[in-house]
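Quick notes on the structure that follows.
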Amino acid sequence: QRWRPWFALYGLRLKRSRGSGEDDEDDEPEISPLVMLPQDLLYKILMSCDPYSLGNAACACKHLLESVQHADLWKKACLEAWPQHGSTKIHHLMKKQYQGNWKRLWLVRPRLRFDGIYVS
């Protein structure tokens, strides 16, 4: 197998440089305005996102990563992805085969996807 130089960078964490001449006392990270939102309002905003946007939001900050784990967000995505089965069958399938985890059901179960090209 060919060696690829970027493999050496995996798992490497870099520290931010201090070359901008700022005081050392101002090292506190900025607080995201999302942290100040009430949790129910944040869930209402996240409920309007599609599952792929939820995945992108989870990459933005730790607060969103924790918020995106909410079961109702993934339940909505699953029920929209498989409407032909009905909600009771999806509930039963989720509890029996996916350990009661809606996100796991979304990630593992095959579904028709509309975000790419199918090539035969």
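The convex hull of the Cα atoms of the chain, projected and averaged over all directions, covers 13.4 nm². A simple spin-label model places pseudo-atoms 7 Å from Cα toward Cβ; at Cys61 and Ile45 they are separated by 0.9 nm. Given R0 = 30 Å, the distance between the Cβ atoms of Leu107 and Ile31 translates into a calculated FRET efficiency of 0.45. Using a 10 angstrom Cβ neighbour count of at most 16 plus a DSSP loop assignment to flag exposed GluC sites (Glu not before Pro), which longest range of the chain is free of such sites? The segment 31-120 is the longest one with no such site.
Annotation: lysines with alpha-carbon distance below 26 angstrom to Lys76 (same-chain offsets under eight excluded): Lys44, Lys62, Lys89, Lys95, Lys96, Lys103. Using the Karplus relation 6.51 cos²θ - 1.76 cosθ + 1.60 with θ = phi - 60°, the per-residue 3J(HN,Hα) values for region 35-50 come to 5, 7, 5, x, 4, 5, 5, 5, 5, 5, 5, 5, 5, 8, 8, 7 Hz, with x marking Gly and Pro. In the chain, Cα pairs under 8 Å separated by at least six residues give a relative contact order of 16 percent.
Taken together, the values in this text are just the output of simple stated rules run on the coordinates, not laboratory data. Keep in mind that this is a model prediction, so the values were computed, not measured. Every residue, glycine as well, gets a Cβ built from its backbone with ideal geometry; the counts of neighbours run over all protein chains shown.
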